[in-house]
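Structure, as structure tokens:
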Amino acid sequence: MRVDAGSSGFQIIQKASQTVTQSAQNLAEVAAGREPQQGEVVKSLVDMTQAELYAKAGAKVIQTESAMMGSILDIEA
């Protein structure tokens, strides 16, 4: 089974995007007046920071795969 690094990178970014969406929704509900559960605001902020790091890691995976493929093409040429 072949694992494509680009696909893995995009999956990581997609997961990060989903996490940000959920966290933002939680924070918006709290801002609109819903009583937050204990630690909910902090957890949402931590999740958003973690999602940022995941997105950066996913982008780096894609960037590295692209550079590697470029090197392989240079070798073959």
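Annotations for the structure displayed:
- Some residue of region 17-33 being exposed (fewer than 13 other Cβ atoms within 10 Å of the Cβ) and not in a helix (DSSP H, G or I): yes
- Residue within region 69-76 that is over 30 Å from Ser23 (Cα atoms), of a type in the set (Gly, Ala, Ser) and either without any contact (Cβ under 8 Å) to a residue 40 or more places away in the chain or exposed (fewer than 10 other Cβ atoms within 10 Å of the Cβ) (or both) present: yes
- Selection within region 34-60 - under 11 Å from the mean Cα position of the chain (by Cα) and either crowded, with 16+ Cβ neighbours inside 10 Å or not charged (D, E, K, R) (or both): Asp47, Met48, Thr49, Gln50, Ala51, Leu53, Tyr54, Ala55, Ala57, Gly58, Ala59
Laboratory data are not the source of any read-out in this text; all were calculated from the coordinates shown. What you see is a predicted model; the values in this text were computed from it and never measured. Virtual Cβ from ideal backbone geometry, glycine too; neighbours counted across all protein chains shown.
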